[in-house]
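Data block below; observations after.
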Amino acid sequence: MSKAVRLSDIGQRAGVSAVAVSKALSGQKGVSEEMRAKIVALASEMGYVKTVGSKESKNRRTYTLGVIVAEHFLQQKQSFYWKMYQEIARRAISKNCFTILEVIGQPDENQMKMPKVVLEKKADGIVIMGDFKPGYSDAVSERSGLPVVFLDTTRTGGAGDCVVSNNLMGGYSMTNYLFSMGHSRIAFVGTRLSTASIEDRFLGYLKSLMEHGVKWREDWFIDDRSRETGLMDTDTYPVLPKDMPTAFFCNCDLSASILIEKLTRKGYRVPEDFSVAGFDDYVPEQYSGVGITTYEIDMAEMARRTVHILTHKIDDISYSTGMFMLPGTFIERQSAARIGSPVPFV
């Protein structure tokens, strides 16, 4: 029988004390987010099992949760889902569970190949994180024979158990905010129909335009990635319109950061010349500068809900919560500024 992994074993690998490891795995303060992520990953890799009381341990089973994500979401500068996975892994460990991350390449998506974690029967349940090509997620859900939870995406037709942010109301709120700052010439940055989240944020944007009596302009629907591959090629996207708006609502903070960088290279200032608002409150470390006004997604709570639902489904396949939608939090920073007199809300 293999020796149980101790906190001190993980600490030795990470170069920190057992106390720091304990704080990291239990979500306490006292360790940096970078070190916390490293410790969580090491604990999962080393097969750490949280020690529980004797009464609890008799009633608690250990599960392995397979997490699948499309490869293009983990490309350079697109690590939102890597952080989301770290939150899932941390929550899973606290519930005496393990996680396995499998990155699905585009050829496997196109050929509708089942994830290896399914084919090799390594998981008790599956988290489908983010969007895949049409039909792939449904195929995994139907053919795997395992309990499935969709995270930050929904199943075709709305069936199944999903944990999502309230993207439509978030997009609506962020656009309303730009109107309240005096803007009425507002563009949307995000490739429509490339993901369910982007589409819902776009619909929230349209709802706000209609309620303010502002006609939408197709030249102000600005792509930020390839619809075919999902890749955000910063040399190609975004393409600025000839007739510029005064404000941009971006579907994510990464897109907002890329846009600000492109505007700056062209000699513009943010927010003096253009206001920019984002969504999700996640910017990779390689981007810095002006703070982005945004709509924060509660990744920790989304991860907690996902693990809770999936472990309950593993215990009872009939268990279902349907769509669980979490509200976000508005965060005002420096990237958006008031112009003229505010447009009254209709």
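Collect residues whose amide H, placed 1.01 Å from N in the peptide plane, falls under 5 Å from the amide H of residue 231; neighbours closer than 5 in sequence don't count.
Placed amide hydrogens put 226 under 5 Å from residue 231.
As a test of understanding, state the convex hull volume per residue of the stretch 167-296 from its alpha carbons, in Å³.
Residue-normalised Cα hull volume stands at 103 Å³.
Take the chain, mark every one of the GluC sites (Glu not before Pro) that falls in a DSSP loop and has at most 13 other Cβ within 10 Å, then report the longest stretch left between them, sites excluded.
In short, 1-119.
Would you calculate a helix-derived [θ] at 222 nm for the chain, using -39,500 (n - 2.57) for each DSSP H run of n ≥ 4 and dividing by the full residue count, to the nearest 500?
Rounded to the nearest 500, the figure is -11000 deg cm²/dmol.
When Rg is the radius of gyration of the Cα atoms in the stretch 1-48 and Rh is its Kirkwood radius, what does Rg/Rh come to?
0.95
Can you work out the FRET efficiency for the pair residue 207 and residue 331, with r the C-beta to C-beta distance and R0 = 22 Å, to the nearest 0.05?
0.55
For residue 321 paired with residue 102, estimate the spin-label separation in nm (one decimal), with each label point 7 Å from Cα along the Cα-to-Cβ line.
Placing both labels 7 Å beyond Cα along the Cβ direction yields 2.4 nm.
Of the options 106, 290, 84, report the single residue whose Cα projects farthest towards the positive end of the charge dipole of the chain (beta-carbon charges: Lys, Arg +1; Asp, Glu -1).
Comparing the listed Cα positions along the dipole, 84 ranks first.
Provide the percentage of antiparallel DSSP beta bridges, counting only those with both residues in the chain; round to the nearest 5. Don't jump to the answer; show the numbers that get you there.
Working: 3 of 36 bridges.
Within the chain, antiparallel bridges account for around 10 percent of the total.
With the dipole of the chain worked out from charges on the C-beta (+1 for Lys and Arg, -1 for Asp and Glu) around the Cα centre, which of 21, 177, 125 lies farthest toward the positive end?
21
Report, by chain and number, residues whose modeled amide H sits under 5 Å from the one on residue 276, excluding near sequence neighbours (fewer than 5 apart, same chain).
248, 336, 337
From the residues 186, 93, 251, which one has its Cα farthest along the dipole of the chain in the positive direction, the dipole being from +1 and -1 charges on Cβ of Lys/Arg and Asp/Glu about the Cα centre?
93
About the Cα centre of the stretch 259-321, how large is the charge dipole given +1 on each Lys and Arg Cβ and -1 on each Asp and Glu Cβ? Please answer in debye to the nearest 20.
Working: 7 positive and 11 negative charges, 56 e Å.
Its charge dipole is roughly 260 debye.
Of the residues 88, 126, 317, which exhibits the maximal mean-square fluctuation in a Gaussian network model of the chain defined by a 10 Å Cα contact cut-off?
Top of the fluctuation ranking is 317.
Can you put 201, 333, 304 in order of Cβ neighbours within 10 angstrom, beginning with the fewest?
Fewest-to-most ranking of 201, 333, 304: 333, 304, 201.
For the pair residue 95 and residue 122, what calculated FRET efficiency results from E = 1/(1 + (r/R0)^6), where r is the Cβ-Cβ distance and R0 = 22 Å, to the nearest 0.05?
0.75
So for 295, 177, fewest C-beta neighbours within 10 Å to most, what's the order? Present the calculation step by step, with values, prior to reporting the outcome.
Values: 295 29, 177 20.
By the 10 Å Cβ count, ascending, the order reads 177, 295.
Rounded if a/c is under 1.5, else prolate if a/b is larger than b/c, else oblate: which is the stretch 162-230, with a ≥ b ≥ c the root eigenvalues of its Cα gyration tensor? Provide the component values of the computation, followed by the final result.
On the way: a/c = 2.41, a/b = 1.37, b/c = 1.76.
It is oblate, given that a/c is not under 1.5 and a/b is not larger than b/c.
When the Karplus curve 6.51 cos²θ - 1.76 cosθ + 1.60 is applied with θ = phi - 60°, which whole-Hz ³J(HN,Hα) does each residue of the stretch 269-282 get, with x for Gly and Pro?
Using θ = phi - 60°, the values come out as 10, 10, x, 4, 9, 9, 8, 9, 10, x, 7, 3, 6, 9 Hz.
Report the extension gain between residue 231 and residue 185 in nm, rounded to one decimal, defined as 0.36 nm multiplied by the number of residues separating them, less their alpha carbon distance. All intermediate terms of the calculation are to be shown ahead of the outcome.
Values: separation 46, 0.36 × 46 = 16.56 nm, distance 2.77 nm.
Residue separation times 0.36 nm, minus the Cα-Cα distance, leaves 13.8 nm.
Placing unit charges on C-beta atoms (Lys and Arg positive, Asp and Glu negative, everything else neutral), compute the dipole magnitude of the stretch 167-296 about its Cα centre in debye, rounded to 20.
Roughly 440 debye, rounded to the nearest 20.
Quick one: of 38/83; 38/113; 83/266; 121/313, which pairs are farther than 20 Å apart, Cα to Cα?
Distance filter (> 20 Å) returns 38/113; 83/266.
So if each residue of separation counts as 0.36 nm, and I subtract the Cα-Cα distance between residue 300 and residue 216, what length gain in nm does that give?
26.7 nm
Cut-off 10 angstrom, C-alpha nodes, Gaussian network model of the chain. Which of 133, 29, 38 fluctuates the most?
Per the Cα network of the chain with a 10 Å cutoff, 29 tops the list.
State to the nearest 20 debye the size of the charge dipole of the chain about its Cα centre, where the only charges are +1 on K and R beta carbons and -1 on D and E beta carbons.
1060
What number do you get for the chain when its Cα radius of gyration is normalised by 2.2 N^0.38 Å, N = residues? Present the calculation step by step, with values, prior to reporting the outcome.
Working: Rg = 21.6 Å, N = 346, 2.2 N^0.38 = 20.3 Å.
For the chain, the normalised Cα radius of gyration comes out at 1.07.
Which whole-Hz couplings ³J(HN,Hα) result when phi for each residue of the stretch 255-266 is put into the Karplus expression 6.51 cos²θ - 1.76 cosθ + 1.60, θ = phi - 60°, listed in order with x for Gly and Pro?
After applying 6.51 cos²θ - 1.76 cosθ + 1.60, I find 4, 4, 5, 5, 4, 4, 4, 5, 4, 5, 4, 8 Hz.
Coordinate-derived values only; no laboratory data. It should be emphasised that the depicted structure is a prediction, and the values quoted were computed from it without experimental measurement. Backbone-built Cβ (ideal geometry, glycine too); neighbour counts: all protein chains shown.
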